[in-house]
Amino acid sequence: MWKKWLNLDAGLPEEVERGSKLFLVTTADIVKWSLISVCIGLLVGFGTGGSLLLLEWSIPFAKSHNPFIFPVYFLLPPVMGLTSFIVYRSFKEASGDGTEEIVYDAVGNDRKLRLFPFLVKQLATYLTLVFGGSAGKEAPAGQVGAYLSLIFARAIHLGMGHTERIVIVIAGVSGGFAVVFGAPIAAGFFALEALFAGRILYRVLVPAFISSFVAYWSMHVLNVEYIYHPVSLGLVPEFWELINLLKAVAAGFFFGLVSYVVILAMNFANRFSRSEPIHPFVKGLIGGSVIVLLALLFGEKYLGLGLDTIDRAFSTAYSAQWYDPLLKTLFTSVTLGFGGSGGFVTPIFFTGATAGNFFAQIAQTDIPLYAALGFVSVLAGSTNAPIAAIILAAELFGVEVAHFAAVTSAISYLISSKKSVFAPEIIDSIEKRFKKHIEV
């Protein structure tokens with residue numbers, strides 16, 4: 001027995017020494033990435049926030065200073081023809097949404113950043129949104145975050161090995177998403193779940209969260225607007241809550257089906273935008289003409305970002321129709337499939353909020369609650385990001401909503417067959433690189 005104690009005592013100094021070295025290495029790593037992430041968050045926060053303010057100013061400016069007798073969206077055919085052509089000639093693989101392609105380019109291109117094609121893609125997105133194309137603003141925000149973070153890293157001569165490059169891009173993309181979502185925790189998880197391996201690795205989350213929080217602070221300094229609708233339910237453990245939970249299960253199935261329709265439409269748009277059946281300018285011209293025709297038939301509320309309709313969907317005075325989610329999905333798939341540029345997520349918010357409003361009318365239940373549940377659950381099902389969706393519910397709508405969102409988001413994610421609106425082959429490539437260099 002005494003000899004065993006001596007052996008243990010002899011091994012203790014070595015164990016302490018190894019633990020001390022690990023502590024010092026880990027501490028130095030955390031301090032290093034914290035400082036880098038603060039700088040990235042500031043750069044991405046003010047950079048992305050400024051670009052979004054410019055977009056918010058440009059859209060009403062184009063409408064109020066329209067010199068023609070017809071609405072500004074009548075110019076979509078030539079505008080989409082132009083955007084289709086310039087993106088095809090400069091960055092063909094980033095046609096349509098292009099977020100995952102640009103992130104992959106930032107992660108995988110070891111030699112140089114293709115800044116000019118990236119700027120062309122940003123210009124194409126602005127033109128699409130300003131002239132009424134149905135798309136989102138999160139794609140340019142995430143793309144700007146990826147590129148600004150890498151530009152900063154090169155400016156300070158940071159060692160650009162594969163691991164550092166991936167962590168820097170994650171921090172930048174998270175900061176960009178935080179500015180758009182107004183939800184820094186959800187932004188960090190969304191960058192990992194939707195665009196990377198989906199594994200919760202704390203060494204990656206630390207820079208992602210720090211960058212997100214700093215970018216979130218920056219957007220408030222700039223007064224960037226975002227969707228925020230606190231929903232107060234005043235729940236207590238009683239029978240009513242159990243009934244509402246059962247309705248939430250049914251809603252999860254409904255949102256999962258909506259998500260699946262969105263995935264099919266957006267995947268088709270992704271593939272068609274990269275195909276070459278006709279000249280890219282002619283493709284954009286046809287797509288813009290189709291959108292103008294659809295707007296004349298069904299109204300202008302499905303054009304652009306659709307933020308006004310999203311806001312109204314949370315009101316008990318607004319009654320969404322069953323076709324609202326379908327038409328918004330149609331407008332977006334035509335926009336992105338025929339040469340327009342922009343993101344998927346804002347249209348998904350429109351689709352989810354109106355689907356939730358419609359479900360609440362049918363189920364005779366709380367409209368603001370189910371508009372919020374649709375908002376996050378269709379996102380979870382469409383982008384493979386259930387954890388980010390649940391956290392988003394808590395940050396934008398309140399903890400009480402997050403209780404139900406945990407149920408509806410998980411079910412929606414399962415019903416949508418774990419597919420995604422993002423190009424699966426690109427996400428697989430990013431995931432392989434992520435696993436190879438981060439999970440070692």
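The values are calculated or read from the model by the stated rules, or taken from the named source; none is laboratory data. Here the structure is a predicted model, which is why all the values come from computation and not from measurement. As a convention, Cβ positions derive from the backbone with ideal geometry for all residues, glycine included, and neighbour counts pool all protein chains shown. Remember, those area values only see protein heavy atoms, side chains included, never the ligands or the DNA or RNA. Shrake-Rupley method; radii C 1.70, N 1.55, O 1.52, S 1.80 Å.
A few notes on this one:
- Residue ranges of helices (runs of 4 or more DSSP H) in region 267-351 with at least 1 members over 28 Å from PRO424 (Cα atoms): 280-298, 307-313
- Residues in region 350-373 that are among the hydrophobic types (A, V, I, L, M, F, W, C) and open to solvent by less than 10 Å² (accessible area, probe 1.4 Å) were compared, and the one that is nearest to the chain's Cα centre (by Cα) is PHE350.
- Selected residue (only one of SER377, SER409, SER416, SER341 is open to solvent by less than 10 Å² (accessible area, probe 1.4 Å), of a type outside the set (A, V, I, L, M, F, W, C), over 22 Å from SER134 (Cβ atoms) and over 13 Å from the mean Cα position of the chain (by Cα)): SER409
- Number of positions in region 392-406 that are in contact with a Ser or Thr (Cβ under 9 Å, 6 or more places away or on another chain) and open to solvent by 10 Å² or more (accessible area, probe 1.4 Å): 2
- So PHE422, is it at pLDDT 70 or above and part of a helix (DSSP H, G or I): no
- Residue in region 128-137 that is out of contact with any Phe, Trp or Tyr (no Cβ under 7 Å at 6 or more places or on another chain), in a helix (DSSP H, G or I) and open to solvent by 10 Å² or more (accessible area, probe 1.4 Å) present: yes
- In region 45-74, the residues that are among the aliphatic types (A, V, I, L, M), open to solvent by less than 40 Å² (accessible area, probe 1.4 Å) and more than 26 Å from ALA178 (Cβ to Cβ): ALA62, VAL72
- Taking the numbered list (1) within 14 Å of PHE213 (Cα to Cα); (2) out of contact with any strand residue (DSSP E or B) (no Cβ under 9 Å at 6 or more places or on another chain) in turn, VAL180 passes all entries but (2).
- Count of residues meeting criterion [in contact (Cβ under 8 Å) with a residue 24 or more places away in the chain, over 17 Å from GLY299 (Cα atoms) and of a type outside the set (Ser, Thr, Tyr)] in region 310-343: 9
- Applying the condition of being surrounded by 17 or more Cβ atoms within 10 Å (Cβ to Cβ) and aromatic (Phe, Trp, Tyr) to region 267-323 and asking which residue is nearest to SER416 (Cα to Cα) yields PHE272.
- Among residues of region 85-99 being under 28 Å from PHE190 (Cβ atoms) and at pLDDT 70 or above, the one that is most open to solvent (accessible area, probe 1.4 Å) is SER90.
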